Amino acid sequence: MKKIVLTIVVILFLLTAYLTLWPVPINPVSWNASMPPGYTVST
């Protein structure tokens, strides 16, 4: 039983390390939102 739990813990640790430490090709860009038009009255 201890071997199974240890194996699961090691697999989860390796999976977490893989997902958090692997470099990914993401280039963040800034985005400026335009001003909202406010309330308008349509007739």
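On inspection, Thr20 does not qualify as part of a helix (DSSP H, G or I), of a type outside the set (Phe, Trp, Tyr) and either in contact (Cβ under 8 Å) with a residue 40 or more places away in the chain or surrounded by 10 or more Cβ atoms within 10 Å (Cβ to Cβ) (or both). Among the residues examined, Val5 qualifies as out of contact with any strand residue (DSSP E or B) (no Cβ under 6 Å at 6 or more places or on another chain) and assigned to a helix (DSSP H, G or I). Exposed (fewer than 10 other Cβ atoms within 10 Å of the Cβ) and either modelled with pLDDT of 90 or more or on the phi > 0 side of the Ramachandran plot (or both) - does that describe any residue in segment 7-17? No, the conditions are met nowhere in segment 7-17. In segment 14-43, which residues are of a type in the set (Phe, Trp, Tyr) and under 18 Å from the mean Cα position of the chain (by Cα)? Within segment 14-43, Tyr18, Trp22 qualify.
The values are calculated or read from the model by the stated rules, or taken from the named source; none is laboratory data. These numbers were taken from a predicted model, which means no experiment stands behind them. Ideal geometry is used to build each Cβ from the backbone, glycine not excepted, and the neighbour counts take in all protein chains shown.
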